[in-house]
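Q: I have a structure here, written as structure tokens, and I will follow up with some questions on it.
What follows is calculated from the coordinates using simple rules that are stated; it is not laboratory data. Given the structure is predicted, the values throughout are model-derived calculations rather than measurements. Backbone-built Cβ (ideal geometry, glycine too); neighbour counts: all protein chains shown.
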Amino acid sequence: MNSVNHAQPLPVYQQIAELLVRQIKAGYWHAGERLPTEAALAQTLSVAVGTLRKSLALLEKQGVLERIQGSGTYVKSVQGTQQIYELFRLELTNGPGLPTAQILDVAQARPEPGMPNWDGAVCWRVRRLRFLSQVPVALEEIWFPGTRIANLSAPELGDSMYLFYQQRLNVWISRVEDQISAATAPDWAPATSPLQTGDWAGYIERQSWTANNELAEFSKTWFDPKVCRYSSRLSQ
């Protein structure tokens, strides 16, 4: 009997590191700017100072921050860094927020009309409710080829599908293409969703490719524009 490989949530210090990078990229702090004191930042983020220090040490190691003895912690650079949620484009209207997910359904299905069909292969379809800093913001439906893994269940999936692809399928997403419009929420929206069936929502269709130009995933996202927004930033 095969044991299920339960996905483990990111350690709290790594979650905080991800959130800090999202805030830096959103313009909360700029290169050369000093972050609030550790005590103030830990209080704002509702974590212990020791946990925050692990987050700051991780970002210092990645070259994002610079810690100067007796002076404080400064933003160094986020150029060239690749965070777990680097390609997650939704943000709360009052700040980036930390992405998490609740799995609603995992099933095998044939691709729907208008979707990539991966030569007619049966696909895995994952439906999720997405959160930003514990606020429900979106519904998400993810499709990927069933040939990549024979058996799959909800406990095996964590908050980041891209991390699951890396760790379990040895698939690395290198680029994505998003098409944004408006659509009505699907008929599988749970009662806990901010969107109910038929509600108008922001709508994203995404195709995700590997470095070998292989289409690895197709997804649909319905998001509530009252609580979140789609953000994409370019820099030179």
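Q: Which one, GLY95, SER77, GLY146, projects farthest toward the positive side of the charge dipole computed for the range 50-202 from Cβ point charges (K/R +1, D/E -1)?
A: SER77
Q: If N is the number of residues in the range 24-130, what value comes out of its Cα radius of gyration divided by 2.2 N^0.38 Å?
A: Output field value: 1.51.
Q: Still on this structure, please answer the following. Modelled label-to-label distance, THR51 and ASN170, 7 Å Cα→beta-carbon offset: nm?
A: Distance between the two pseudo-spin positions: 3.6 nm.
Q: Percent of alpha carbon pairs in the range 91-229 separated by more than 24 Å?
A: Roughly 28 percent, rounded to a whole number.
Q: Using the alpha carbons of the range 12-75, what is the convex hull volume per residue in cubic angstrom, as a whole number?
A: 77
Q: Let me ask you something else. Quickly work out the SER153-to-GLN134 label distance, labels modelled 7 Å from Cα along the C-beta direction, and quote it in nm with one decimal.
A: 2.9
Q: Just want to confirm a number: the relative contact order over the range 91-229, from Cα pairs under 8 angstrom separated by 6+ residues, in percent.
A: The value is 24 percent.
Q: Also, I was wondering about something else. Answer rounded, prolate or oblate for the range 156-221, using the Cα gyration tensor with square roots of eigenvalues a ≥ b ≥ c: rounded when a/c is under 1.5, else prolate when a/b is larger than b/c, else oblate.
A: Since a/c reaches 1.5 but b/c is at least a/b, the shape of the range 156-221 is classed as oblate.
Q: Residues of the range 158-177 with the amide nitrogen closer than 18 Å to a label point 7 Å from the Cα of LEU215, along Cα-to-Cβ, please.
A: In the range 158-177, the label zone of LEU215 (backbone N under 18 Å from the point 7 Å along Cα→Cβ) covers 172-177.
Q: If you average 1/r over every pair of different alpha-carbon atoms in the chain and take one over that average, what Kirkwood value in Å do you get?
A: Over the chain, the inverse of the mean reciprocal pair distance is 19.2 Å.
Q: What's the magnitude of the charge dipole for the chain around its Cα centre, counting Lys and Arg as +1 and Asp and Glu as -1 at the beta-carbon? Answer in Debye, nearest 20.
A: 540
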